[in-house]
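Trainee: Questions regarding the structure given below will be posed in turn.
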Amino acid sequence: MNGILQDFRYGFRMLKKNPGFTWIAIVILALGIGANSAIFSIVHAVLLKDLPYTDPETLVVVWGTEKSGILNLRNQVSATDIADYRAQNKSFDEISTFTGWRPIISGAGNGVERVPAMQVGDGYFKALKAEPVLGRVFRPEEQNEGKDFVVVLSHGLWQRKFGSDPNIIGKTVKLNLRVYTIVGVLKPEVHSLPTTLIDSKAELYRPVAEPYDQTQRGARHLRAIGRLKKGVSISEAQAEMNAIASRLEKQYPDDNTARGINVVNISEDTVGNLRTSLFLLTGAAGLVLLIACANLANLLLARAATRHREIAVRTSLGAPRWRLVRQLLAESAFLTVAGGICGILLAYWGMDAIKNVGAEIIPQIENTQLNSQVITFTVVTSLIAGLLFGLAPAFQISRFDLTEALKEGGRGGTSGRFQGRMRNTLVGAEVALALLLLAGAGLLIQSVARLYQVDPGFKTSNVLTMNVWLPGFKYEEELKRTKFFHRMIERMERLPGVVAAGTTTVLPLSSAFDGRTIAVDGQPRAAADQPSADMYVVTPRYTEAMQIPLVAGRYLTMNDSETAPLAVLVSESMSKQLWKDQNPIGKRIRLYHGPGPDEETPWRTVVGLVRDVKQYGLDTDSPMQFYIPQAQFHAIYVTLVIRYSDRNMVDSLIRNVRKEILSLDPELPVFKIATLEEVLKESIAVRRLSMMLFGGFALLALCLAMAGIYGVVSYLTARRTQEIGIRMTLGAQKKDVIQLVLNQGMLPAIVGAAAGLAGAIGFSRLMTKLLYEVRPGDPLTLVVVTMAILAVTALACYIPAVRASKVDPLVSLRYE
């Protein structure tokens, strides 16, 4: 033990004598460890850490499926179908429906406010194992219309809006001007569903109050969540749900043909599409650490080589080889501890930076913290790194030749063949790993750039969007809604700088959708074969505000009133799929509602053909789409879209819009305000975040690799000072010296680049899911990246080469 302590004390003194080397080593190691710890903290929060629900492994999301055409595994469900699944299954403790809600709350503290909320079906709180701290949750009879004017508050809303009133149960609150009785307050540990399932975290709840009769079986506008019984696997539950779906299909062919249910664990549903990105980022951080270790190994090799006389003397005095190895490992241990501590500090800073950038993109990142698991990971990573870079000088000692070392000491020392091979290998490895990361970053940058070049079917510049939701109680009359939107649009278009304004029920590139089954005139089909298309309920000037090009026919106009013949615009994809090469103008469709012809809606005549718009993402094909007038459908929840002339007028326009809407109805605050360019950016936010993080790691890897190459070439050039002096004395020119040094540094770099190219081709195949219109192993990307890294390597070698060429031969001959 005394010997080990002595080694550590001696190692500390040696590092203290060389502060420049010590700090460089610590910084390099801290960068590698910090990058890995920061990424691991995100992976832990998003992929490894359980979601904040009781027994999350048995909590599942229940999506509807539609087998017509391409199988869609994320459709919504109807309350009637879920009621049948609840009654017939044996795999679930509970299944319940839910949907988002945005009521205006009044009659509480802090004035009028729109709060994120949910409407939930019977059994929702049982499915979540959510219990109240005050009062109760909903009773089954409160799911019926007329008895549903009750609410349950989240713990946070109870504290914020009601001052933690212990006597809150039985009191009333106004939601959308209707009086609701507060029946319960949830415990603080009860969390809302993830924002991947609803728009924002719910702060209060009310019953769904859906009619559970057969006429509503086709009204699929809800989502569902379930709790598996203990010991039941998802595959077993899925098999039973498939059997129930088959029975319902036979029992209700008009509504349930080709309809089913997809059971997905809530964790998988929430983070499944992020796994590839996070695993690749983890790999990138690991490669950065390997480059840092290769860098440190080269530094320690160089340092050990300068200590060959010290080691030779200690060996001649009887120091065993294992003692020398232990001494060098003790110095590596000091560097490991210091680098690990600094790495934790960098990781803490990095986590905050990533949370600021990515919390809105990936909500789970908000839970990222420097906890015991992250610290344990950092400690283990530091130990592995210390072992990796500490082995290089240890291998050198294991091949130590005392006689040769003493001879080298007498000559002033040259680098041994073993050291030279190891250094060249490490330089090549750094270049290969850096090239691999740069190639991956290049592919992601190309993908995002090409996504920005995709035509979404509308013009995104100079468009402002915001949501408006009319309270159903106050605007129960359909004509009243139509008049309100008509007056609102009139006022918007009178505002200075406004070019056109309109509303839609579904904004393109948003997370919303409204799929409807339709019937086509002259194309009789079985219920299972009826096509589905996305529906947009719009005001007349919406298509002009979005600048969706008209291909044939006309746009919707004010003449398409509720008393006029029913009109519809269809997209090019819809026209091609339903009518092939025929002119769609004058064709007829209708919304399909089973169970029989008597209950089907009237025919709508196609009056115009418009371009497809991207609804589910810039990288996905546009579905069939159709547009119907607001006056002929009477939506309550809409997105207001305003095209303006000057991009510098956004702030003043928002103020003016708020003022005009409040003048129409002072209890209608607008929300979710964003420009259409921001909406487009948000639609590719995950790709952009992956690109930025991967690009950051690639840049860090390049800097580390180039710094390492520069250090090695500078060291080797300094070791060859006498040789260079002799060459110049014998007639070598400056360009010859520069060429000599460049060859020394570039040869291992070229070999490393070749190895990196081979690795990049394989690594890029793992990135296929993140790429868009870029092939893995894209030749252009690989060529550009290779040329770039070789150019930077040449620069790193050129600087010490020029410095060496300026050395006075007489001075260099006296160099030791």
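Trainee: Please find, among Leu653, Leu668, Leu618, Leu662, the residue that is at pLDDT below 95, open to solvent by 70 Å² or more (accessible area, probe 1.4 Å) and either part of a loop (DSSP other than H, G, I, E, B) or closer than 30 Å to Ile198 by Cβ (or both).
Mentor: Testing whether each residue is at pLDDT below 95, open to solvent by 70 Å² or more (accessible area, probe 1.4 Å) and either part of a loop (DSSP other than H, G, I, E, B) or closer than 30 Å to Ile198 by Cβ (or both) leaves just Leu662.
Trainee: Would you point out which residue out of Val774, Val784 is under 43 Å from the mean Cα position of the chain (by Cα), under 30 Å from Ala284 (Cβ atoms) and open to solvent by less than 50 Å² (accessible area, probe 1.4 Å)?
Mentor: The match here is Val774.
Trainee: Sticking with this one: Which of the residues belonging to the range 175-190 are in a loop (DSSP other than H, G, I, E, B), surrounded by 17 or more Cβ atoms within 10 Å (Cβ to Cβ) and either at pLDDT below 85 or among the small types (Gly, Ala, Ser) (or both)?
Mentor: Asn176
Trainee: A further question on this structure: Only helices (runs of 4 or more DSSP H) wholly contained in the range 244-325 count here; list those with 2 or more residues that are open to solvent by less than 50 Å² (accessible area, probe 1.4 Å), among the aliphatic types (A, V, I, L, M) and modelled with pLDDT of 80 or more.
Mentor: 275-306
Trainee: Residue pairs, Cβ under 8 Å, 6 or more apart or interchain, first in the range 468-497 and under 15 Å from Ser561 (Cβ atoms), second open to solvent by 20 Å² or more (accessible area, probe 1.4 Å) and of a type in the set (Val, Ile, Thr). List them.
Mentor: Arg481/Ile636
Trainee: Read through the list (1) open to solvent by 70 Å² or more (accessible area, probe 1.4 Å); (2) assigned to a loop (DSSP other than H, G, I, E, B); (3) in contact (Cβ under 8 Å) with a residue 24 or more places away in the chain, then give the number of the only condition that Asn167 fails.
Mentor: (3)
Trainee: Any residue that is at pLDDT 75 or above and on the phi < 0 side of the Ramachandran plot - is there at least one of those in the range 399-421?
Mentor: Yes, that holds for at least one residue.
Trainee: If I filter the range 593-607 for residues that are within 38 Å of the chain's Cα centre (by Cα) and open to solvent by less than 50 Å² (accessible area, probe 1.4 Å), do I get at least one hit?
Mentor: Checked the range 593-607: no residue is within 38 Å of the chain's Cα centre (by Cα) and open to solvent by less than 50 Å² (accessible area, probe 1.4 Å).
Trainee: Just checking, which of Ala117, Ala127 is more than 13 Å from Leu204 (Cβ to Cβ), under 29 Å from the mean Cα position of the chain (by Cα) and not acidic (Asp, Glu)?
Mentor: The match here is Ala127.
Trainee: Continuing with the same structure: Among the residues of the range 671-681 satisfying the criterion of being open to solvent by 40 Å² or more (accessible area, probe 1.4 Å) and in contact (Cβ under 8 Å) with a residue 60 or more places away in the chain, which is farthest from Asp646 (Cα to Cα)?
Mentor: Among them, the one singled out is Lys672.
Trainee: Inspect all residues belonging to the range 334-347 and state whether any of them is at pLDDT below 80 and either closer than 20 Å to Lys49 by Cα or buried (at least 19 other Cβ atoms within 10 Å of the Cβ) (or both).
Mentor: yes
Trainee: Same structure again: Could you tell me which numbered condition Ala434 fails, if it satisfies all but one of (1) open to solvent by 20 Å² or more (accessible area, probe 1.4 Å); (2) at pLDDT 90 or above?
Mentor: Failed condition: (1).
Trainee: If you don't mind, there's one more thing I want to ask. Testing Arg643 on (1) open to solvent by 40 Å² or more (accessible area, probe 1.4 Å); (2) at pLDDT 90 or above; (3) not small (Gly, Ala, Ser), one condition comes back false. Which one is that?
Mentor: (1)
Trainee: Mind checking whether some residue in the range 556-567 is within 33 Å of the chain's Cα centre (by Cα) and farther than 17 Å from Arg516 by Cβ?
Mentor: Taking every residue of the range 556-567 in turn, none turns out to be within 33 Å of the chain's Cα centre (by Cα) and farther than 17 Å from Arg516 by Cβ.
Trainee: Right, Arg687: surrounded by fewer than 20 Cβ atoms within 10 Å (Cβ to Cβ), touching a helix residue (DSSP H, G or I) at 6+ places or on another chain (Cβ under 9 Å) and assigned to a helix (DSSP H, G or I) or not?
Mentor: no
The values are calculated or read from the model by the stated rules, or taken from the named source; none is laboratory data. Since we're looking at a predicted model, the values are computed, not measured. When we count neighbours, we look across all protein chains shown, and the Cβ atoms used for this are built from the backbone with ideal geometry, even at glycine. Side chains are part of the model used for accessible areas, which takes the heavy atoms of the whole protein and leaves out ligands, DNA and RNA. Shrake-Rupley method; radii C 1.70, N 1.55, O 1.52, S 1.80 Å.
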